[in-house]
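Here is the structure we will look at.
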Amino acid sequence: MSDYASKVATKAFDLAVAGFGTRFKTYRKTPMMQVTPADLPMLGVYILREQRTSMGDANHAEPKFKHALTLGFSGAVHAETDDQNTLYDLEQMMAELDEVLLTNPKFVNLCEGVTGMDRQSQYAKVGETTLFEIRVEMVLAFSSYFPPKVVDDLEKIVVTTQYPDKESAEAGTPQITRVYEYEQN
């Protein structure tokens, strides 16, 4: 993944932690392979996929890409059969995720736009733990450019003119020599 995609995911994670506080017991930046009831309720924020498409001709100028970054948000609670209110609470919190992220200018300005979102619910059994999980996928667009790193910096150009021809120069017509120096930054 690109470094910038990692920064966007980290910002989404930080905003989710600040927005939800202690309503989620566990926050993760990677999917959990093992879940215990002690971990729940849990919210995961991670990169699911990053696609890069060349902008313009692939072999023209520096490499430049349009990115489609898919962030995954996974909220999960222990699905006790006798307490269905936890399912409703998770529904409410995952709906609030839109407000936490999409109304925050610092998050929205990290990308060129949100191109789509997808939400799905899932009931699963992980070991002895029955989970109710809501997954939200958010696709963000941004661009990247990779100009070449040139190690032979242009420092000086020396221009000598010959007017109007070689015979005139040999006959004494003054020639002009100029040196142009460029500041390096």
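Between a first residue in the range 6-18 that is under 16 Å from Met94 (Cα atoms) and a second residue that is assigned to a helix (DSSP H, G or I), which pairs have beta carbons less than 8 Å apart while being 6 or more apart in sequence or on different chains?
Ala12/Leu101; Ala12/Phe107; Leu15/Val100; Leu15/Leu101; Leu15/Phe107; Ala16/Leu97; Ala16/Val100; Ala16/Leu101
It is to be established whether one or more residues within the range 49-68 are surrounded by 19 or more Cβ atoms within 10 Å (Cβ to Cβ) and aliphatic (A, V, I, L, M).
The answer is no, given that none of the residues of the range 49-68 is surrounded by 19 or more Cβ atoms within 10 Å (Cβ to Cβ) and aliphatic (A, V, I, L, M).
Quick one: how many residues across the range 107-125 are modelled with pLDDT of 95 or more and either of a type in the set (Ser, Thr, Tyr) or over 24 Å from Ala76 (Cβ atoms) (or both)?
7
Looking only at the range 18-41, which residues are surrounded by fewer than 14 Cβ atoms within 10 Å (Cβ to Cβ), closer than 29 Å to Arg52 by Cα and not polar (S, T, N, Q)?
Lys29, Pro31, Met33
Is one or more of the residues making up the range 57-65 among the polar types (S, T, N, Q) and within 11 Å of the chain's Cα centre (by Cα)?
no
Looking for something among the small types (Gly, Ala, Ser) and touching an Asp or Glu at 6+ places or on another chain (Cβ under 8 Å) - is there at least one such residue anywhere in the range 54-70?
For the range 54-70, residues among the small types (Gly, Ala, Ser) and touching an Asp or Glu at 6+ places or on another chain (Cβ under 8 Å): present.
Filter the range 107-142 for residues that are of a type outside the set (A, V, I, L, M, F, W, C) and within 19 Å of His67 (Cβ to Cβ); which is surrounded by the fewest Cβ atoms within 10 Å (Cβ to Cβ)?
Within the range 107-142, the match that is surrounded by the fewest Cβ atoms within 10 Å (Cβ to Cβ) is Asn109.
The values are calculated or read from the model by the stated rules, or taken from the named source; none is laboratory data. It should be emphasised that the depicted structure is a prediction, and the values quoted were computed from it without experimental measurement. Don't worry about glycine lacking a Cβ; one is built from the backbone with ideal geometry, like all the others, and counts go over all protein chains shown.
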